[in-house]
Amino acid sequence: MPFSTWSEFGAWLLGAPVLVLVTIVMAVIARWLAHRAIKGVVDNAVERAEQNRTSSAERLLGVDAERRRQRALTMGSLLRSVATFVIATIAILTVMSLIGLPLGPLLASAGVGGVALGFGAQSLVKDFLSGIFMIVEDQYGVGDRIDTGEAVGTVEEVTLRVTRLRDASGVVWFVRNGEIVRIGNQSQGWAMATIDLQVAATEDPARVIPVVERVVAEVYADPAWAPKFVEEPSVAGIESVASGAMTIRVFAKCLPGEQWGVPRRIRELAKAAFDAEKIRMPPVPYTATEH
């Protein structure tokens with residue numbers, strides 16, 4: 001028996017073991033409180049996203065409430081993991097100190113191991129840190145069409161290490177978050193569609209521009225197309241006159257993803273209106289052929 005008397009054993013039992021037990025209980029309570037606080041923040045964020053789902057302001061700005069909800073849940077999971085790791089590390093070190101284990105060699109070894117891991121896994125750490133900041137800053141999410149520099153496509157999956165996207169040809173790209181230097185997001189806020197309509201250069205602009213304005217107003221008034229606009233399109237006027245063609249430019253501020261369909265509809269109706277008004281198209285360039 002390492003103790004000379006039972007009183008010494010009793011004193012030891014009421015000392016270190018009790019403190020260890022108290023430390024563990026406090027760590028469990030601290031973890032529960034941290035997770036409860038994080039859950040409260042996440043629940044509030046999710047509730048706000050649900051309330052904004054049908055908001056006209058959200059629709060006009062192109063903000064996806066479901067994406068905001070998923071981002072809140074992801075951040076909550078990440079924060080819970082970090083809180084658990086930090087609390088568990090502090091509790092373990094405290095228990096080791098209470099039972100008399102030397103912490104100096106352990107911390108020195110952990111420091112050396114951390115340096116070695118940092119040098120050996122720099123790219124992995126860089127990927128994870130970039131992924132964390134990407135989620136915190138809401139740079140992009142699932143369903144967004146982005147340009148990463150290496151690939152352009154629609155995001156299918158986002159993790160802390162890699163981003164998976166599919167381009168227009170159906171090719172799936174896996175891009176490491178740490179290798180993404182800049183991001184061009186075509187799906188946030190709003191998109192601007194620029195539509196150039198060409199007619200013969202000999203046509204009178206005073207006759208052509210009102211026709212284009214009528215076409216634009218017709219598309220904007222169509223119940224099937226009105227929700228795709230952020231504001232009423234505008235006819236800027238003559239953009240250029242060259243090679244026998246006069247170009248009339250139209251700007252249409254659309255919801256994200258609608259900047260390709262809206263120009264097609266405007267061109268379709270513009271062509272029909274030009275034919276009805278006998279407005280001539282630009283001459284077809286002559287191409288020499290061999291006989």
> For the stretch 23-45, how many residues are over 25 Å from the mean Cα position of the chain (by Cα), open to solvent by 60 Å² or more (accessible area, probe 1.4 Å) and farther than 15 Å from L78 by Cα?
Replying inline: 7
>> Test of understanding: among V216, V250, which residue is closer than 29 Å to R145 by Cα, open to solvent by less than 20 Å² (accessible area, probe 1.4 Å) and in a strand (DSSP E or B)?
In response: V250
>> Can you list residue pairs whose Cβ atoms sit under 7 Å apart, with the first residue in the stretch 244-263 being within 12 Å of P233 (Cβ to Cβ) and the second being open to solvent by less than 30 Å² (accessible area, probe 1.4 Å) and part of a loop (DSSP other than H, G, I, E, B)? Count only pairs 6 or more apart in sequence or on different chains.
In response: V250/P233; F251/P233; A252/P233
> Taking the stretch 195-213 as the region of interest, how many residues are surrounded by 15 or more Cβ atoms within 10 Å (Cβ to Cβ), among the charged types (D, E, K, R) and in contact (Cβ under 8 Å) with a residue 24 or more places away in the chain?
Replying inline: 1
>> Given (1) touching a residue at least 12 places away in the same chain (Cβ under 8 Å); (2) assigned to a helix (DSSP H, G or I); (3) open to solvent by 40 Å² or more (accessible area, probe 1.4 Å), identify the lone condition not met by E232.
In response: (2)
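The values are calculated or read from the model by the stated rules, or taken from the named source; none is laboratory data. Bear in mind the structure is a predicted one, so any value in this text is a computation, not a measurement. Because the Cβ atoms are built from the backbone with ideal geometry, glycine has one as well, and the counts that use them run over all protein chains shown. Just so you know, the surface numbers come from the protein's heavy atoms only, side chains and all, with ligands and any DNA or RNA stripped out. Shrake-Rupley method; radii C 1.70, N 1.55, O 1.52, S 1.80 Å.
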